[in-house]
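Structure in structure tokens, see below.
The values are calculated or read from the model by the stated rules, or taken from the named source; none is laboratory data. Bear in mind that the values here come from a model prediction, so they are computed numbers and not experimental data. Every residue, glycine among them, receives a Cβ derived from its backbone with ideal geometry; neighbour counts consider all protein chains shown. Just the protein is used for accessible areas: all its heavy atoms, side chains included, with ligands, DNA and RNA removed. Shrake-Rupley method; radii C 1.70, N 1.55, O 1.52, S 1.80 Å.
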Amino acid sequence: MRIETVAVHAAFSVDPSTGAVAPPIHLSTTFGRDEAGVPLAGHTYVRESNPTQDLLEEALSRLEGGEAALAFGSGMAAGLAVAQALPQGSHVVLPEDVYYAYRVAAREFFPVWGLTATFAPLDQPGALAGALRPETRLVWLESPSNPLLRITDLIPSAAIAKRIGALVLVDNTFATPILQRPLDLGADIVLHATTKGMGGHSDVQGGALVFSRKGELSEKVRHVRTILGAVSSPFNSWLVLRGLRTLAVRARFQSESALAVAQALAAYPAVSRVNYPGLPGHPGHETAGRQMTAFGSMISFHVAAGREAAIEAVGRTRLFTRATSLGGVESLIEHRATSEGAASTAPGDLVRLSIGLEHPDDLLADLAQALKA
Ligand SMILES: *Cc1c(COP(=O)(O)O)cnc(C)c1O
């Protein structure tokens, strides 16, 4: 079955008791048992599992091609549950420009949990091999990366990590499984901030992990979620599942529009560089073309006149909404270093765009007036 069909039909069934086509939201926090004390339908308590979350997890597994999925209350909770499942003394390799809050977590919390971390430019060949240590247990990849849209070649990276028995996690938030399926490329775990493209409407926070295998690792991480409690609520699970139904059309339309916007931006004199893997001049263009079916909805660009000019250009936009986050139906614009705050390593002249579902001509007209192009 093709991915567009999976997005609509995974975990889909007409409710036999009511005939409802849309799934019910089960808000119950607790679940009944029979006379012998056996749970009536497998569930016991909402933090451990619940029927609405089960539907979401089944759909996520199908979309990413994994055997098991776990939904979380946020993308941060999902990613860090993997770190929390590692044995003390484990070493983790992360990309230099990993999503900034994971960088903060690695600096501030990994030492408390008995973990060590190395940051390396993992989009560069040779960087991963040089960062590995005998005690490396997890290699964390993000492609395309945030906010510089760097591309990491996932197949050779996974192979290098596997040689020393390290797990490979790929943050697939920017691409979504419509455009890239890391488990097919050798990853063990796919991470999503479902807050972004999967939810798709800027109205729900969530995170997810999809595992290539159901087994010791996925069960260990499930235990972390159950005991530490970073669960998704039934209502939030339902909203993310609803978003998945339209993910394929949104991801493709947004990618097409983003390519048009990136191409036009590249010709503006006010813009010194555009970071978009769909442009032939992007260093990861060829790799992205091999491992993605389209280049995604995210663009960043450098304003030639520098930081203040970048902030002013963002301030002049009228159609773009000035806000952080991504993957929603409305296009967003932000001065990335301002959004990330003190821990930011984003260049001062960098503007980040999330392309939504508006017509690209209207988006370009707004950017042209804002950049005085
Ligand atoms: C937003 C984001 C996260 C974190 O997700 P939250 O739901 O905000 O915790 C992780 N990775 C990437 C690439 C993101 O964009």
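Have a look at Q53, T176, L80 and report the one farthest towards the positive end of the charge dipole of the stretch 3-245, computed about the Cα centre with Cβ charges (Lys/Arg +1, Asp/Glu -1).
L80
Sort M292, M1 from largest to smallest accessible area, using a 1.4 Å probe on the heavy atoms of the protein chains.
From most exposed to least exposed: M1, M292.
At q = 0.12 Å⁻¹, what is the log10 ratio I(q)/I(0) for the chain, with the Debye formula run over Cα points and no solvent?
For the chain at q = 0.12 Å⁻¹, log10 I(q)/I(0) is -0.89.
Taking H as built 1.01 Å from N, whose amide H comes closer than 5 Å to the amide H of E142, not counting residues under 5 places away?
The list, which skips near neighbours in sequence, is D171.
I would also like to ask the following. Mind ordering 36-44, 82-90, 294-302 by average Cβ neighbours within 10 Å, highest first?
With the highest mean Cβ count within 10 Å placed first, the list reads 294-302, 82-90, 36-44.
Please work out the FRET efficiency for the pair S272 and V329, using the Cβ-Cβ distance as r and a Förster radius of 35 Å; give the result to the nearest 0.05. Write down the numbers at each step before the final one.
Details: r = 30 Å, r/R0 = 0.85.
Once the sixth-power term is evaluated, E becomes 0.70.
For T116 and E58 in one chain, what is 0.36 nm times their gap in residues minus the Cα-Cα distance, to one decimal in nm?
Residue separation times 0.36 nm, minus the Cα-Cα distance, leaves 17.6 nm.
Separate question: If you place +1 on the Cβ of every Lys and Arg and -1 on the Cβ of every Asp and Glu, how big does the dipole about the Cα centre of the chain come out, in debye to the nearest 20?
Here the chain has a charge dipole of around 380 debye.
Here is a follow-up. With Kirkwood's inverse mean 1/r over C-alpha pairs for Rh, give me the Rg to Rh ratio of the stretch 167-241, two decimals please.
Checking Rg against Rh, the ratio lands at 0.97.
Take the solvent-accessible surface of the protein heavy atoms, probe 1.4 Å, and return the percent of it on the stretch 3-245 that carbon and sulfur atoms account for. Please report the intermediate quantities before stating the final value.
Working: 5530 of 9860 Å².
For the stretch 3-245, the apolar C and S fraction of the accessible surface comes to 56 percent.
Ranked from highest to lowest mean number of other Cβ atoms within 10 Å per residue, what is the order of the peptides 22-33, 114-125?
114-125, 22-33
For S300, what charge total do you get from the other residues with a beta carbon under 13 Å from its beta carbon, if Lys and Arg give +1 and Asp and Glu give -1?
Overall, the nearby charge balance is 0.
Estimate the FRET efficiency between S17 and T321 by the formula 1/(1 + (r/R0)^6), using the beta-carbon distance for r and 56 Å for R0, to the nearest 0.05.
Numbers: r = 41 Å, r/R0 = 0.74.
Rounded to the nearest 0.05, the efficiency is 0.85.
Taking the DSSP beta bridges in the stretch 249-371 as the whole, what percent of them are antiparallel, to the nearest 5?
The antiparallel fraction comes to roughly 85 percent.
Considering only DSSP beta bridges with both partners in the chain, what is the antiparallel share in %, to the nearest 5?
DSSP beta bridges in the chain are roughly 60 percent antiparallel.
Okay, moving on. Read phi for every residue in the stretch 254-259 and hand back ³J(HN,Hα) as whole Hz from Karplus 6.51 cos²θ - 1.76 cosθ + 1.60, θ = phi - 60°, with x for Gly and Pro.
Ordered by residue, 3J(HN,Hα) equals 5, 5, 4, 5, 4, 4 Hz.
On the accessible surface of the stretch 249-371, probed at 1.4 Å, how many percent belong to carbon and sulfur atoms?
57
Also: Using θ = phi - 60° and the Karplus form 6.51 cos²θ - 1.76 cosθ + 1.60, what ³J(HN,Hα) does each residue of the stretch 2-14 get, whole Hz, x for Gly and Pro?
Computed from phi, the couplings for the stretch 2-14 are 7, 4, 4, 6, 4, 4, 7, 9, 4, 6, 9, 7, 6 Hz.
If you count only protein heavy atoms and use a 1.4 Å probe, how large is the accessible surface of S237, to the nearest 10 Å²?
Around 0 Å² of this residue is reachable by solvent.
Same structure again: What accessible surface, in Å², does a 1.4 Å probe find on Y102, ignoring ligands, DNA and RNA and rounding to the nearest 10?
Rounded to the nearest 10, that gives 10 Å².
R103: net charge of surrounding residues, Cβ under 10 Å, Lys/Arg +1, Asp/Glu -1, itself excluded? Please report the intermediate quantities before stating the final value.
Values: positive: R107; negative: E96, D97, E108, E340.
Here the count lands on -3.
Something else about it: What translational D, rounded to a whole number of µm²/s, comes out for the stretch 244-329 from Stokes-Einstein when the hydrodynamic radius is the Kirkwood one over Cα pairs, at 25 °C and 0.890 mPa s?
On the way: Rh = 14.2 Å.
Diffusion coefficient, whole number: 173 µm²/s.
Okay, moving on. With a 1.4 Å probe and every protein chain left in place, work out the accessible area per residue of the chain in Å², rounded to a whole number.
On the way: 15450 Å² over 373 residues.
Per residue, the chain has an accessible area of 41 Å².
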